[in-house]
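Engineer: Structure below; questions to follow.
Laboratory data are not the source of any read-out in this text; all were calculated from the coordinates shown. The structure presented is a predicted model; accordingly, all values stated were derived computationally and were not measured. Note that each Cβ is placed from the backbone with ideal geometry, even for glycine, and that neighbours are counted across all protein chains shown.
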Amino acid sequence: MTRRVVVVTEPTVDSLGEREKVDYRAFKEEFISWLQSMGKDPSHGEGYARETVRQTSVRTDRFMRFLWSDSGYTTAPDAGDASEYMRSCVMSDEDYSKNYLANEQKAVKRLFKWMNAERGMNIEWNPELSFSSQSGVNPRDFLTREERTAIRNAALEYGSVPAYGGLDADEREEWKTELSQRFDKPKAAISSEDFKRANGWKIPSLVWTSLDTGLRPVEVERSRIGWVDVANRVLRIPEAESSKNSDNWVVSLTDRTAEALDRWLEERELYDVYDGSDAIWLTREANPYSSNSLAYLLKSLFDVAGIERSEREVSWYMIRHSVGTYMAREEGLAAAKAQLRHRSETTTMKYDQTPAEDRREALSRMG
C-alpha cells in the first residue's frame, strides 16, 4: 500500500508552539505541492513520485528541527545551515550509511530549489561533503596541524591593543575611538581598564578549549562555569548539558588551556554582562554564542593567522573535525571517541577508555 505524505511529522509538531505550527504547516504544504507538481523538472511541469515526496517531507523536517535547536524557529535556512546539518550527520554517533547521508543532502537541495524558484531566494549551496559510492564521505575542510597552531596563536592576537601606558596622547585617542566602537560606550568613558579588557582571555580560552575538546556550537552555548576543573585540567560536562545526553563526560585539557580558562574565569567576574549568568562565554551583546557567531569568529581568526579561506566553507565544526582526526591518529579511536564525547553501541561511555593523562599528552603533541 502506498504510504501517505505526512505534511508535518509528529516530532516536529511536538517541537513547535501553536502559532509556529500553523505557520510551518503552511510552509510545508506549499513545498509539498510544488514537489508533487513540478519539483523534478519545473520547466516541463514534472513532479516527483509520491514516495520521493514523502521521504523528502520527512527529511526536511529533520533538517528544520536541527536548525531550530540552534537558532530558534525560522523558515529561512541558508547554505551555512545546510552545511552544518550535513556535518552533524557525518559526525553523529548513529553511523549513518552513505545512502542515508546522500538522501538527506538531496532533500535539503530540493528545499532550496523550491525556495529559490517560488520564494525569490538566492541560496547558493555547494556542499563540501560528497557521498558517492566510490569516494564515500569526504569532509574537505578541517584544520591541519599547522592551521591548528596558527589559530591557537591568532586567538592571542585577535582584538589585542597596545598597553595603555605605552601610548602617547594622540595614539591613546585613536585607540579610545576604536574601543568605544568595540564596547559600544562613549569615547570619554574609555579607561585603562578597557584596554586591559581588550587584551583579555575570553577569546583565547574559548578557542583553546574548543581546540582541545572539539566543542560543538551548541556545547559552547550551553557551557557553564561548573564544567571547568582547572586543578585537574579537565571539563566535566554533566549528562543534562552534554549534546548527546548519554552520560557525564570528562574531557582533557592541555596545561595552556587550563591556565587560559583560569585567567578568564577570574577576569570574567569584572564584567557586568555576566552578573546573574553562569555561562562561561557570552558575546559582546550578552548573548550565548551561536553557530553563526562562532563561524564569524573563526573566519576572523583565519584572517589574523593569514590562512586562505576563499575556497573553504568555514564553520566551528572544522575545529571538531581536526580534534577527531588527529586524536585518532595519535591515540586511537577509543581516545577520539572519549575526547569527542561520542556514543557507541558496543562501548559503554560510563568509563573513560583512555586515561585523561594519555590524551592530554596527545593534545600537546597536536599543537
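Engineer: Express in nm, to one decimal, how much length is gained between E173 and E124 on full extension, taking 0.36 nm for each residue of separation and deducting their alpha carbon distance. Don't skip to the answer; put the middle values down first.
Structural biologist: Details: separation 49, 0.36 × 49 = 17.64 nm, distance 4.34 nm.
Roughly 13.3 nm would be gained on extension.
Engineer: Using the structure shown, list the pairs from K176/K196; K28/K113; K187/K299 with a Cα-Cα distance above 22 Å, or answer none.
Structural biologist: Working: K176/K196 12 Å; K28/K113 14 Å; K187/K299 28 Å.
In this structure, K187/K299 exceed 22 Å between Cα atoms.
Engineer: Show me the trypsin sites (Lys or Arg not before Pro) within segment 1-42 that DSSP assigns to loop and that have at most 14 other Cβ atoms within 10 Å of their Cβ.
Structural biologist: Numbers: sites: R3, R4, R19, K21, R25, K28, K40; in loops: R3, R4, K40.
Hits after loop and neighbour filter: R3, R4.
Engineer: Could I have the simple spin-label model distance between Y100 and R263, label points 7 Å from Cα toward Cβ, reported in nm to one decimal?
Structural biologist: Each label point is offset 7 Å from its Cα along the Cβ direction, giving 4.3 nm.
Engineer: Run the numbers for E146 and T283: contour at 0.36 nm per residue of separation, minus the present Cα-Cα distance, in nm.
Structural biologist: 46.6 nm
Engineer: Packing-wise, with mean Cβ within 10 Å as the measure, how do 301-314, 222-235 rank, highest first? Spell out each step's value before the answer.
Structural biologist: Working: 301-314: 14.9, 222-235: 17.1.
Highest mean packing first, the order is 222-235, 301-314.
Engineer: What is the distance, in nm, between label points placed 7 Å from the Cα along the Cα-to-Cβ direction at S364 and at A49?
Structural biologist: 5.9 nm
Engineer: By average Cβ neighbour count within 10 Å, what is the ranking of 102-113, 198-209 from highest down? Write down the numbers at each step before the final one.
Structural biologist: Numbers: 102-113: 18.9, 198-209: 21.2.
Descending mean neighbour count gives 198-209, 102-113.
Engineer: So, one more: Roughly speaking, what is the centre-to-centre gap between segment 1-51 and segment 300-317 when only Cα atoms are used, to the nearest Å?
Structural biologist: 37 Å
Engineer: Where a ≥ b ≥ c are the square roots of the eigenvalues of the C-alpha gyration tensor, would you call segment 10-118 rounded, which needs a/c under 1.5, or, failing that, prolate if a/b is larger than b/c, or oblate?
Structural biologist: Note, shape of segment 10-118 comes out oblate.
Engineer: Related question: For segment 195-305, what does the alpha-carbon gyration tensor say about shape, rounded, prolate or oblate, given a ≥ b ≥ c as the root eigenvalues, a/c under 1.5 as rounded, and a/b over b/c as prolate? Walk me through the numbers on the way to the answer.
Structural biologist: Numbers: a/c = 1.34, a/b = 1.25, b/c = 1.07.
Judged from the Cα gyration tensor, segment 195-305 comes out rounded (a/c under 1.5).
Engineer: Testing the spin-label approximation: label points 7 Å from Cα along Cα→Cβ at V58 and A231. State their distance in nm.
Structural biologist: Spacing of the two 7 Å Cα→Cβ label points: 5.1 nm.
Engineer: Need the list of aspartates and glutamates near K98 for cross-linking: C-alpha distance under 14 angstrom, and skip anything on the same chain fewer than eight residues off.
Structural biologist: Cα-Cα hits under 14 Å: none found.
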